[in-house]
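Below is one structure, written out as structure tokens; the observations come after it.
Any read-out appearing in this document is the output of simple, stated calculations on the displayed coordinates, not a laboratory observation. The structure presented is a predicted model; accordingly, all values stated were derived computationally and were not measured. Here the Cβ positions follow ideal geometry from the backbone for every residue, glycine too, while neighbour counts run over all protein chains shown.
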Amino acid sequence: MTRSETTRRLPPSRPGLAGALALFAVLTLTGRDAPAQQRPVVVVQSGEAATLDWHMHCDKNAHEPDRQIFDTLLRRNLKTLQLEGNLAESWRLVNDTTWQFKLRRGVKFHNGEPFDASAVKFSIERMLNPQQAAPGRTSIATIDRVEIVDPLTVNVITKTPFPLLPVRMSPGHCGTVGILPPKYVAQVGDAGFAVKPVGTGPYKFVEWVKDERLVLEANKDYHRGAPAIDRLVFRPIPELTTRVAALLSGQADLVSDVPPDQVGKVKASGVAKIEVSTLGGFIIMMKITNYLMPGPWQDARVRKAINYAIDMDTIIKTVLEGYGQVLGVPLEKEAFGFNPNIKWYGYDPERAKALLREAGHPNGFEMTMHVPNRRYMNDIEVVQAMAQMLGKVGIRAKVEVGEQSVYTQKWRRRELLPVYMTAWGGAGIFDGDLLVNSLHSKSALAIHKNEALDKILEDAQGSNDPEKRKALYWKAQEMIYEDAPIIKAYQQAHIFGISNRLDWTPWIDNMLFLYDAKLK
Amino acid sequence: MRLDASALPVRLAGPSLPTPRRAWRRARILVGSGGARIGAVILLVVAACATAPAWVAPADPNEQNLLGRFTRPASRTADGTLAVLGTDQLGRDILSRVVHGAKTSVLIGLSAVLVAGAMGTGLGLVAGMRGGLWDHAIMRLADMQFAFPFILLAITVIGVLGANVRNIILVVGLSNWCAYARVVRAETLAIREKSFVDAARALGVPLASIVWRHVLPNVSASLIVVATFGVAGAILTEAGLSFLGLGVPLSIPSWGGMLAEGRQFVDTRYWLALFPGAALFVTVMGINLLGDALRDALDPYLQTRHTRTSMDRL
């Protein structure tokens, strides 16, 4: 029965085959006829965007193409790291709760719609609207309303002082306001916009074939002048080594997150080079709870001992092959409010043992450390190395690896106890405000509670006075040092593999901006 | 259909019970097979590693040496110790990890087969002896189990109960019982119609005794063969689960886990994945060689052929 069925199966359709051949012939011929046509620049990503609507994701893979399609009111200067005008020419604080932006004249969206104050009002209010359910909404929830003064002037009014407002109006992969065309959005709806976006950025959307490619082309009318590259193609390749292989075989021009052990191979290949950006990468830390689970870790001396027991420099030098730096407090030294006086706990196992004895645990104790499965660079190995070092001072640490989805779920329910690995940053904020996201007890990542610290961080968020904010963040870092709610934070560098024909220098992670990229 | 008890010979010894002569012949076939000899040697080495890994392994399998990571095979680490099979991404000695990994594999392989074999044999005997509704119920359950994708089951069970050695034994064991049940049921169906079983029944031997004394010994030959291949399968399954991150915890070295860790370095540091992979391959091959020879030795038809050829030669 089955046999006769197999024999009855139809041969491959002839017309289809012939059609494919003809198409192939036409493509090769036209390819030869148009030598001036530039080969598109292919960017390989770890995964595909779920939506291209800037307001509706907190996802690096969606932000990377969106950063080319959309624009923000302000942007960060590449050299000074200070904010500068972009779609807004200037901005100022009118009073404690009113920010005024003067907009650039003559900018148009890709569909011809003019960019003006109404687009700014629409974009901010869309993201602010609870019904829109934008995942980054909480970052701008302090904004009350937007008022149009004239077509090129808007006032953003906040409920309380909101010092971080300019940062939220500059690029970042989550909680920042991209400017969208109001008429087009109304015309195609949210679902239509998510798959066919229109912005004011340097590249225009062309087509998106799911799981295969996302094609953008140069916006010749970009307000800073047309980009040098005609076409960009984003391709998803989840497997790390396959991404590198694509780069080495010439199928890709730009690959981010190259694993450290592949760096040598890329360098030796002769077809691609390695660029490293040390700024703005993920700040990774192990958090220790002090109230969600009873145990020795509730004692600050024990948390200090854990810090003293770990030789983070060696871990970075070996496990991360040097592609990272120890921070201690989870804040970059370039950030506003960074306190240079704080030197985090060094590596001192004897001191760790003494502290454990002092806290009443001369024979150590058992402790579980949770780590995600390949979310950060060599994450499992980093935690395994930590566990071994903790063993040397008597803390028997068990490493538990969580699959991505399970880990995220448990992390949201604050069930990764007593110690787990997480990261913050990489959003280009460069502000002490980062401490709120990582250490305020109400933040989504927190498993540690320190009410005095919470208060200081809240005070800093509610003030527009830079001097006062700086003083508060300095104090906050002193308290974090004393409380040791984390194991030495470190920042991973970002390793890019770039084909030799592409001329581009990365500067901040998650800000893959290809406007100034050129082909050699 | 049923034979009259009076028509039976007086001696009721099961005709297939191994007599010393037959056992001797089987042993000769086994020893005479080259495959069996190779398999036995491999398994002896694996067994030695599995029973006393600490004696065989040169170092602690979990001892890290961050400064000596990725040492090539047959070279020395920074502190001068010889790494025969090299070191991994945390500077752990791969030879020691492979040796200790044998323990994990053998422990899980044998235990899982014990679980599967015990359950499958029990259910197979019930299905075969009782027949009727029992038979239908058990065999349809086996069909369902066969149709259910194993990995899905493993992910669910491990996800709910957590990944540890006991749960992996249970998952692998409980999902493999059907093979044993089918073989045992088929053999039982044939044996229960044999005249010596009828005779025993006619003499009033209780059912449990019949099963234990007459049926079980006669299905044991097939059972041993299935179980031997089952061990190989269970070892591979454990490795597969560990490779997917559903296996034993990181602190216990396992071949599958080592393969998974070594995978990302496979094009630059081949030795991380090569040696655990080779250990897995050689072990499974050893079991299969021995299993093949066992099957030949225990198969009555093949046995006659063997005997005949030796007679022909005479």
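A few remarks follow.
- Applying 1/(1 + (r/R0)^6) with r as the Cβ-Cβ distance of residue B:67 and residue B:251 and R0 = 30 angstrom yields a FRET efficiency of 0.90.
- Under the Karplus curve 6.51 cos²θ - 1.76 cosθ + 1.60, θ = phi - 60°, whole-Hz ³J(HN,Hα) for segment B:268-285, x wherever Gly or Pro sits: 10, 10, 4, 5, 5, 9, 4, 6, x, x, 5, 4, 4, 4, 5, 4, 5, 5
- Amide H to amide H distances under 5 Å link residue A:153 with A:103, A:117, where only residues 5 or more positions off or on other chains count and H is placed in the peptide plane.
- Extending 7 Å from the Cα toward the beta-carbon at both residue A:144 and residue B:74 defines two label points whose distance is 7.8 nm.
- Partner lysines for residue A:520 [C-alpha distance under 18 Å; skip if fewer than 8 residues away on the same chain]: A:273
- For the pair residue B:114 and residue B:84 in one chain, pulling the backbone fully straight at 0.36 nm per residue adds 7.3 nm over the alpha carbon distance.
- Between segment B:33-86 and segment A:161-177, the alpha-carbon center distance in angstrom: 56 Å
- Note on segment A:90-154 and segment A:193-213: Cα centroid distance 23 Å, given to the nearest whole angstrom.
- Estimated distance in nm for a label pair at residue B:203 and residue A:444, the labels positioned 7 Å out from Cα along Cα-to-Cβ: 7.7 nm
- 16 Å Cα-Cα reach of residue A:102 towards aspartates and glutamates, excluding residues that sit fewer than 8 places from it in its own chain: A:71, A:84, A:89, A:116, A:147, A:150
- Degrees between helix B:165-174 axis and first principal axis of chain B (Cα, 0 to 90, nearest 10): 40 degrees
- Net charge of neighbours whose Cβ lies under 10 Å from the Cβ of residue A:321, counting Lys and Arg as +1 and Asp and Glu as -1: +1
- Per-residue ellipticity at 222 nm from helix content only, as computed over the protein assembly as shown with -39500 (n - 2.57) for each DSSP H run of at least four residues, stands at -14500 deg cm²/dmol.
- Checking Cβ-Cβ separations below 4.7 Å across the protein assembly as shown identifies B:49, B:178 as cysteines lacking any candidate disulfide partner.
- Given 16 as the ceiling on other Cβ atoms within 10 Å, longest exposed-site-free region of chain A for GluC sites (Glu not before Pro) in DSSP loops: A:1-211
- Spacing of the modelled spin labels on residue B:174 and residue B:55, each 7 Å from Cα toward Cβ, amounts to 3.6 nm.
- Cross-link table A:108/A:518; A:79/A:468; A:60/A:304; A:392/A:475; A:183/A:220, entries beyond 28 Å C-alpha to C-alpha: A:60/A:304; A:392/A:475
- Residues A:174, B:49, sorted so that the one with the fewest Cβ neighbours within 10 Å comes first: A:174, B:49
- Part-to-part distance (alpha-carbon centres) for segment B:212-240 and segment A:415-474, which is given in Å: 60 Å
- Full-extension gain in nm, residue A:78 to residue A:39, via 0.36 nm per residue minus C-alpha separation: 11.3 nm
- The length gained by stretching the chain between residue A:133 and residue A:196 to full extension, at 0.36 nm per residue less their Cα-Cα distance, is 20.7 nm.
- Rounded FRET efficiency, nearest 0.05, which uses the C-beta distance separating residue B:166 from residue B:144 and R0 of 30 Å: 0.75
- Candidate lysines for bridging to residue B:103, where Cα separation is under 23 Å - those fewer than 8 sequence places away on the same chain excluded: A:398
- Residues in segment A:482-520 that a label on residue A:269 would reach, taking backbone N under 15 Å of a point 7 Å out along Cα→Cβ: A:495-503
- Residues residue A:50 and residue B:151, FRET efficiency given R0 of 30 Å [Cβ-Cβ distance, rounded to 0.05]: 0.70
- Rounded, prolate or oblate (a/c below 1.5 giving rounded, otherwise prolate when a/b exceeds b/c) for chain A by Cα gyration tensor: oblate
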